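*Asks:* Before anything else, here's the structure in question.
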Amino acid sequence: MNERDLAAAIQVAVARFEDAQAQARENAELKESLEARKVVDRTKGALMKTGLSEEEAYLTIQRRAREARVSMREAAEMILAQNAT
């Protein structure tokens, strides 16, 4: 293997590594998004048991997130924690 072949092999390895890293980041983001959705859905269900419609429950979570300046997931977790006590 000469220097040119070695340089090409290194470039390919670096490109594959960067692709793998990008896929890992995307996978983590998708996993987080799915977990956030699960928490929001669980909270909507809990709020709907109090008599709210699905839309009202979602808007309640959204309003809490906006007022507290947190993500929807964090707002949903706060609501769940509040309702658990």
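Every read-out reported here was derived from the displayed coordinates using simple, explicitly stated rules and does not represent laboratory data. Note that this is a predicted model, so its numbers are computed, not measured. Positions of Cβ are backbone-derived with ideal geometry, glycine not excepted, and every protein chain shown enters the neighbour counts.
*Asks:* Considering only residues that are of a type in the set (Gly, Ala, Ser), over 22 Å from the mean Cα position of the chain (by Cα) and over 30 Å from ALA84 (Cβ atoms), which ones fall in segment 8-58?
*Replies:* Result: ALA8, ALA9, ALA13, ALA15.
*Asks:* Of the residues that sit in segment 9-62 and are under 15 Å from ALA75 (Cα atoms) and either of a type in the set (A, V, I, L, M) or touching a residue at least 40 places away in the same chain (Cβ under 8 Å) (or both), which one is surrounded by the fewest Cβ atoms within 10 Å (Cβ to Cβ)?
*Replies:* Among those that are under 15 Å from ALA75 (Cα atoms) and either of a type in the set (A, V, I, L, M) or touching a residue at least 40 places away in the same chain (Cβ under 8 Å) (or both), it is LEU59.
*Asks:* Quick check: is even one residue across segment 59-82 more than 20 Å from the chain's Cα centre (by Cα) and β-branched (Val, Ile, Thr)?
*Replies:* No - not one qualifying residue is present in segment 59-82.
*Asks:* Taking segment 60-75 as the region of interest, how many residues are charged (D, E, K, R) and under 17 Å from LYS38 (Cβ atoms)? Show your work before the answer.
*Replies:* From segment 60-75, those charged (D, E, K, R) are 63-64, 66-67, 69, 73-74; that's our starting set.
Subsequent filtering for residues that are under 17 Å from LYS38 (Cβ atoms) retains 73-74.
Residues meeting the conditions: 2.
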